Amino acid sequence: MSSNRALALAALLALGGCGFAPLYGGGEGVQASLDEVKVAPIADRPGQQLRQAIEDEMQVAGNPTQQLYLLTVNYGLNQQGIGVQADSATTRVRFIANATWRLSPIGQPGVALASGQASTEDALNVIDQQYFAQTLETNTVDGQVANEIAGQIVQQVSIYFKAHPEG
């Protein structure tokens, strides 16, 4: 057991020696900056789900008391039938989500502090079922895709704030 602890300690020391620093560690700098970001409304229901997911990840303490940054996101979610039978019935649907984002100071939307892209895919099987069940499955996948895109965007914005602690 002590050899496992020694190995774990050596690994931690090696990470510190190579310049590794946790993204959210070392104080409240990154999280404080994330709390100051206002997320602009995103069109349509999938956009609303994405906006909510981004806000949930960025604003862990609730609504920001001070908004210094504006995050604008363009979001597209497409469906593609990938399991097509001889009678043209679709048995599997791929969901492809793409987002581009831009971080700017509040009141200066033309000034881009940072920008980036995020994308993901998911799929679901289409089986003979009632319309309600199919709609419920589609909504679940929409939410999962939104959460994945939100995670990517928040990570990219966090990397910007880590590299630019002054904002």
Segment 115-151 and segment 40-88: distance between their alpha carbon centers, rounded to Å: 12 Å
Segment 24-163: Cα Rg divided by the 2.2 N^0.38 Å rule of thumb: 1.23
Backbone HN-Hα couplings from phi across segment 97-111 [Karplus 6.51/-1.76/1.60, Hz, Gly and Pro as x]: 10, 9, 9, 10, 10, 8, 9, 9, x, 4, x, 10, x, x, 9
Residues Ser88, Ser33 arranged by fewest to most Cβ contacts within 10 Å: Ser88, Ser33
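Once the other residues with Cβ under 14 Å from the Cβ of Leu71 are scored (Lys, Arg +1; Asp, Glu -1), what is the net sum?
Details: positive: Lys38, Arg51, Arg102; negative: Asp35, Glu36, Glu55, Asp56, Glu57.
Within the 14 Å Cβ shell, the charges total -2.
Since every read-out is calculated from the coordinates, none of them should be taken as a lab result. Everything numeric in this text was worked out from a predicted model, so none of it was measured. No Cβ is skipped: glycine too gets one built from the backbone with ideal geometry, and neighbour counts run over all protein chains shown.
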